[in-house]
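Heads up: the structure comes next, in structure tokens.
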Amino acid sequence: MSGVHDSGALLETAFGTSESSFQYGDPQNFISKKVDEEKISSDEQEYDSDALKPDPYHPDEADKEFLSSKPTCFLVLGKPGVGKTTLARKLAEDWHTELISISDLISTNMKQKTELGVRAKDLLLRGEPVPDEMVSRMLEIKMKSPEVAHHGYTMDDFPLMDENFMKLRDQLDMMKNWPLKPDFVINFRIPDSDLEVRRLGQKTDPITGALYIKEQYAPTQIEKPIAKTDVEEEENDDEQEDEVMEEEQLEVIY
């Protein structure tokens, strides 16, 4: 009897039950059911382990990640009068960044009566230019300000291609020391002939200093069609009726 195996014992060992469990069913169906139950159990364990993981889309964590990320910064370059300031203002308004330009930076320091602003005003009143070191210091303070660190910046026309200002190499070296480097550099390119036509038609607002091109202050007038009077409309209707009658008569003749 040693060579005879108990089928019930084998089934109980393999599947945790005896042969009597199949007396009212198909053994194959039972095996499939057993496998499905084990799969569901493993899926539940995996789901429980995932539920214990921290939510990557938690509002507080998302806000913290967004606030600690680098703000977007723009650099707008181009020839004078090409439209740099107009674009820079729109970018700063749409992206809620700090608009920075050398001329506005000096004016702001003078209005706020900062130490550098007072010194710059005294120099300008004496007809002397603001030295490069003073402008560099103003720009450095602005770049390290909390508002720039939070909102980013839109730099209008820097580096400057002006012989009276610091050399281009010095301006580039200054940019390397900025806490926030520009993410996007927009360079306006336009032929000198087109720029000349554009500049000849520009006008400056004496109060705000804003530039306007001819298409803005004197747009091309579109001629509206002249409305016909009632008498003219009646005459046109009569002419159309006469033409229809003539066509009908010709059809009758031929």
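The values are calculated or read from the model by the stated rules, or taken from the named source; none is laboratory data. Source: prediction; values computed, not measured. Using ideal geometry, Cβ is built from the backbone for each residue, glycine included, and neighbour counts are taken over all protein chains shown.
For region 80-96, filtering for residues that are over 21 Å from THR208 (Cα atoms) and crowded, with 18+ Cβ neighbours inside 10 Å leaves 0.
One residue stands out in region 161-184 among those that are of a type outside the set (Phe, Trp, Tyr) and buried (at least 17 other Cβ atoms within 10 Å of the Cβ): the one that is farthest from GLU115 (Cα to Cα), namely PRO182. Listed by first and then second residue, the pairs with beta-carbon distance under 8 Å, at least 6 apart or on different chains, first residue in region 149-170 and over 26 Å from LYS70 (Cβ atoms), second in a loop (DSSP other than H, G, I, E, B) and at pLDDT 85 or above, are ASN164/PRO129. Taking (1) more than 23 Å from ASP173 (Cβ to Cβ); (2) modelled with pLDDT of 95 or more in turn, GLY81 satisfies each apart from (2). Restricting LEU75, LEU87, LEU99 to residues that are assigned to a helix (DSSP H, G or I), in the same structural domain as LYS142 (by TED's automatic domain parsing) and modelled with pLDDT of 90 or more narrows the list to LEU87.
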